[in-house]
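Asks: Pasting a structure below so you can have a look.
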Amino acid sequence: MEKDKSKALNRSRSTVRARERSVGSVKDDLPYEITIAILGGPQVGKSAIASQFLWEGFVSDYKPTVEEFNWVEFEMTLGGRLMLQIIDSSGSRDFIAMRDLYMRTADAFIIVFSVDDPLSFEEAKSIIQDIKSQRRSKTPIILLANKKDLFGERSDWRVKGIERYAINEGIRLMECTAKRREEVDMAFRELLEELRETRHLQATELKKRRQSMPTTRTRPGELINQDFDKKKHTCAIS
């Protein structure tokens, strides 16, 4: 297992969406921007996963999300910057139009389901099918099985047939509990690796420079472990 890595989160506000460009020279003033959308049914842990990756905090109480946007800026060791925008979407079908917009515009997706809820897996499969039907080219997708801490063994999960489905669809299956930062980080690292291959990003280590405060229509739950500014984080894609 990879070593646990820490995270420096010097937070700042930003509402400006940088124009997409290739990462190359240190002289580039604008970063290369990538948008990752976290999609899934209600109460599968999307906000908890986003919070764990962004702030190393586990959301202890559930409050339905409408939409939440965050960005994280990475500094590449060979020069250039990468702006990663993360969309924490609503799981409610009342906001299906917003989800369809994310499907058309995001660069990559983390599709979340809960291992104790078979219906959430069916919803995840439906989302993946919708993404594939709307996108002409292959889009990086991670299918993320959350809440594995509820069971001792994978064979005990209430959701069955996951591995076969992922193989048939040609997508990467990963598992996590949103309570463990290293497992959440691994999912994002794998997705960034897929993006590196499709977008020809530098095969190098990314160092987090700063990130935004959340822009949201709902108030997020209280976070456990809010010591944001004392840690440093690197995200290696090679």
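Asks: In region 77-101, what residues are at pLDDT 70 or above and either touching a strand residue (DSSP E or B) at 6+ places or on another chain (Cβ under 7 Å) or assigned to a loop (DSSP other than H, G, I, E, B) (or both)?
Replies: Correct list: 80, 81, 82, 83, 84, 85, 86, 87, 88, 89, 98, 99.
Asks: Still on this structure, please answer the following. Say we look at region 43-76 and pick out the residues that are charged (D, E, K, R) and at pLDDT below 90; which of these is farthest from residue 105 (Cα to Cα)? Steps first, answer last, please.
Replies: To start, the set of residues in region 43-76 that are charged (D, E, K, R) comprises 46, 56, 61, 63, 67-68, 73, 75.
Right, trim to at pLDDT below 90 and you get 56, 61, 63, 67-68, 73, 75.
Numbers: 56: 27, 61: 30, 63: 26, 67: 15, 68: 16, 73: 20, 75: 24 Å.
Within region 43-76, the match that is farthest from residue 105 (Cα to Cα) is 61.
Yes/no per residue for (1) assigned to a helix (DSSP H, G or I); (2) crowded, with 16+ Cβ neighbours inside 10 Å; (3) at pLDDT 95 or above; (4) of a type in the set (D, E, K, R):
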position: 142; (1), (2), (3), (4): no, yes, yes, no
position: 145; (1), (2), (3), (4): no, yes, yes, no
position: 152; (1), (2), (3), (4): no, no, no, no
position: 163; (1), (2), (3), (4): yes, no, yes, yes
position: 166; (1), (2), (3), (4): yes, yes, yes, no
position: 184; (1), (2), (3), (4): yes, yes, yes, no
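Asks: What number of residues in region 120-164 are in contact with a strand residue (DSSP E or B) (Cβ under 8 Å, 6 or more places away or on another chain) and not hydroxyl-bearing (Ser, Thr, Tyr)?
Replies: Start the filter on region 120-164 by keeping residues that are in contact with a strand residue (DSSP E or B) (Cβ under 8 Å, 6 or more places away or on another chain), which leaves 120-121, 123-124, 127-128, 131, 139-148, 154, 157, 159, 162-163.
After this cut, where a residue has to be not hydroxyl-bearing (Ser, Thr, Tyr) as well, the list is 121, 123-124, 127-128, 131, 140-148, 154, 157, 159, 162-163.
The number of residues fulfilling the criteria is 20.
Asks: Here is a follow-up. Just the residues that are part of a helix (DSSP H, G or I) and within 15 Å of residue 172 (Cβ to Cβ), please, taken from region 103-124. Break it down stepwise before answering.
Replies: We begin by selecting, within region 103-124, every residue part of a helix (DSSP H, G or I); these are 103-105, 118-124.
Within region 103-124, just 124 meets the criteria.
Asks: Across region 125-136, what is the total count of residues that are part of a loop (DSSP other than H, G, I, E, B) and without any contact (Cβ under 8 Å) to a residue 12 or more places away in the chain?
Replies: In the first step, residues of region 125-136 are kept if they are part of a loop (DSSP other than H, G, I, E, B); the result is 135-136.
Filter once more, keeping what is without any contact (Cβ under 8 Å) to a residue 12 or more places away in the chain: 136.
The qualifying residues number 1.
Asks: Looking only at residues in region 101-140 that are within 22 Å of residue 71 (Cβ to Cβ) and among the charged types (D, E, K, R), which one is surrounded by the most Cβ atoms within 10 Å (Cβ to Cβ)?
Replies: Once the filter is applied, the top-ranked residue is 107.
The values are calculated or read from the model by the stated rules, or taken from the named source; none is laboratory data. Quick caveat: nothing in here was measured; it's all calculated off a predicted structure. Heads up, the Cβs are rebuilt from the backbone with ideal geometry, glycines too, and the neighbour counts pull from every protein chain shown.
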